[in-house]
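Step one of this worksheet: look at the structure below.
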Amino acid sequence: MAEIGTNIADAVTLLREGKLVAMPTETVYGLAGNALNEAAILDIFKVKNRPKFDPLIAHTNSLEKVKAIVSHLPYKAQQLAEAFWPGPLTMLLEKKSHIPDLLTSGLPTVAVRIPKHPVALELLGELDFPLAAPSANPFGYVSPTTAHHVDKQLGSKIPYILDGGECSIGIESTIVGFDENEEAIVYRLGGKQIEDIEAVVGSVHIQVNHSSDPMAPGMLKSHYAPGKTLRIGDLENLMAEHSNETYGVISYQRQFEHLDADRQITLSPSGNLDEAARNLFGALRSMDERGVSIILTEKFPDIGLGRAINDRLKRASVR
């Protein structure tokens, strides 16, 4: 199994050797490798069993380093960078010629982000190359929000997991690109709320429908899925429909007196969408490991991070 530790120097050494390391971010744990090294990028795809048509995100720790890998920074991208980096926002920007096509799935744009996590920023600051770092889990499965989650699924395939504690946001970054008029387009809902983005650059077009030829990570129809079937709807109706099965329930605020504690998880008793998002992937993993045959959940308020939660649940329910 992988070594789990907090030694950034060890992680730096491995990454400089072209090896892979799991690293914490504020969104989810990433499977990190040198974004300029095709062999390391290929290893990421192999370890995750990820299709090569699904592009990766390059992470770095400064806007100066971002400018070293992109050929053009639209005005609205500059505004968003100043407002939200470091943070849970990824931008699709025109790439420079030395950026490997394998990283971008042959697209002319590269996805870039500056994460807001002290361990990630310190690690990136020690490197003279960006890190490709998709979620550190087998492709299509629930993303990891703790070092233990990574170890359980990828521990036998990577040498080191850099432990930075539990992720503070718990769902992946929002992804924004720009059209030919340099207007902002949201390709993936995530940890940066649409309302916050629109407060900086005005109204944005949301284009998050599934695609078999994705512009950005997280656009495939089925994604973020537990092993058990997941159904979304009115919980009372779903529980009645599956009354002859051993179902588990993941709710927003409610608790159900007729259900044993080990068959229900409440994401935020106080009704806080940030808390619900932070707990979502851990709840899906936990319920998946319990003795239930099906997982039932509900639609969340379609505001703020509720939009991203609903997006993850919808994709996780596809079979």
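The values are calculated or read from the model by the stated rules, or taken from the named source; none is laboratory data. Everything numeric here is computed off the predicted structure, so don't read it as measured data. Here the Cβ positions follow ideal geometry from the backbone for every residue, glycine too, while neighbour counts run over all protein chains shown.
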Original post:
Taking region 23-46 only, how many residues are acidic (Asp, Glu) and not in a helix (DSSP H, G or I)?
Top reply: 1
Subject >> Of all residues in region 2-55 being of a type in the set (Phe, Trp, Tyr) and at pLDDT 95 or above, the one that is surrounded by the most Cβ atoms within 10 Å (Cβ to Cβ) >> reply: TYR29
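Sort through GLU245, GLU195 and tell me the only one that's in the same structural domain as LEU93 (by TED's automatic domain parsing), of a type in the set (Asp, Glu) and either out of contact with any helix residue (DSSP H, G or I) (no Cβ under 9 Å at 6 or more places or on another chain) or surrounded by fewer than 12 Cβ atoms within 10 Å (Cβ to Cβ) (or both).
Numbers: GLU245 fails: in the same structural domain as LEU93 (by TED's automatic domain parsing).
That would be GLU195, the only listed residue that is in the same structural domain as LEU93 (by TED's automatic domain parsing), of a type in the set (Asp, Glu) and either out of contact with any helix residue (DSSP H, G or I) (no Cβ under 9 Å at 6 or more places or on another chain) or surrounded by fewer than 12 Cβ atoms within 10 Å (Cβ to Cβ) (or both).
Output the residue which, of all residues in region 169-190 that are small (Gly, Ala, Ser) and in a loop (DSSP other than H, G, I, E, B), is farthest from LEU89 (Cα to Cα). Steps first, please.
Keep residues of region 169-190 that are small (Gly, Ala, Ser), which gives 170, 173, 177, 184, 190.
Restricting the remaining residues to those that are in a loop (DSSP other than H, G, I, E, B) gives 170, 173, 190.
Values: GLY170: 13, SER173: 5, GLY190: 8 Å.
The residue in question is GLY170.
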Subject >> Search result, residues across region 96-127 that are within 18 Å of PHE53 (Cα to Cα), within 18 Å of the chain's Cα centre (by Cα) and among the hydrophobic types (A, V, I, L, M, F, W, C) >> reply: LEU103, VAL110, ALA111, VAL112
Subject >> Scope region 248-278; condition in a helix (DSSP H, G or I) and surrounded by 21 or more Cβ atoms within 10 Å (Cβ to Cβ); matching residues >> reply: ALA276, ALA277, ARG278
Subject >> Qualifying position, being in contact with a helix residue (DSSP H, G or I) (Cβ under 9 Å, 6 or more places away or on another chain) and more than 17 Å from ILE99 (Cβ to Cβ), among ALA40, ALA32, ALA11, ALA58 >> reply: ALA11
Subject >> Pairs where the first residue, in region 251-273, is closer than 18 Å to ASN237 by Cβ and the second is of a type in the set (Asp, Glu) and in a loop (DSSP other than H, G, I, E, B), C-beta under 8 Å, 6+ apart >> reply: SER251/GLU298; TYR252/GLU298
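Could we say that GLU257 is out of contact with any Lys or Arg (no Cβ under 9 Å at 6 or more places or on another chain), more than 13 Å from LEU230 (Cα to Cα) and at pLDDT 95 or above here? It would help to see each step written out before you state the result.
On the way: out of contact with any Lys or Arg (no Cβ under 9 Å at 6 or more places or on another chain): yes; more than 13 Å from LEU230 (Cα to Cα): yes; at pLDDT 95 or above: no.
No.
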**OP:** Please specify each residue of region 137-162 satisfying the condition of being within 20 Å of GLU289 (Cα to Cα) and either among the aliphatic types (A, V, I, L, M) or outside any loop (DSSP other than H, G, I, E, B) (or both).
**Re:** TYR141, VAL142, ALA147, HIS148, HIS149, VAL150, ASP151, LYS152, GLN153, LEU154
Subject >> Flag for LEU102 being among the hydrophobic types (A, V, I, L, M, F, W, C), within 18 Å of ALA11 (Cβ to Cβ), outside the structural domain of LEU305 (by TED's automatic domain parsing) and not in a loop (DSSP other than H, G, I, E, B) >> reply: no
Original post:
What do you reckon, is LEU93 over 17 Å from the mean Cα position of the chain (by Cα), in a loop (DSSP other than H, G, I, E, B) and among the aliphatic types (A, V, I, L, M)?
Top reply: no
Original post:
Can you tell me which of ALA316, ALA225 is closer than 30 Å to GLY106 by Cα and touching a strand residue (DSSP E or B) at 6+ places or on another chain (Cβ under 6 Å)?
Top reply: ALA316
Subject >> Single residue of region 118-135 satisfying the filter (in contact with a Gly (Cβ under 6 Å, 6 or more places away or on another chain) and outside any helix (DSSP H, G or I)) that is surrounded by the fewest Cβ atoms within 10 Å (Cβ to Cβ) >> reply: ALA133
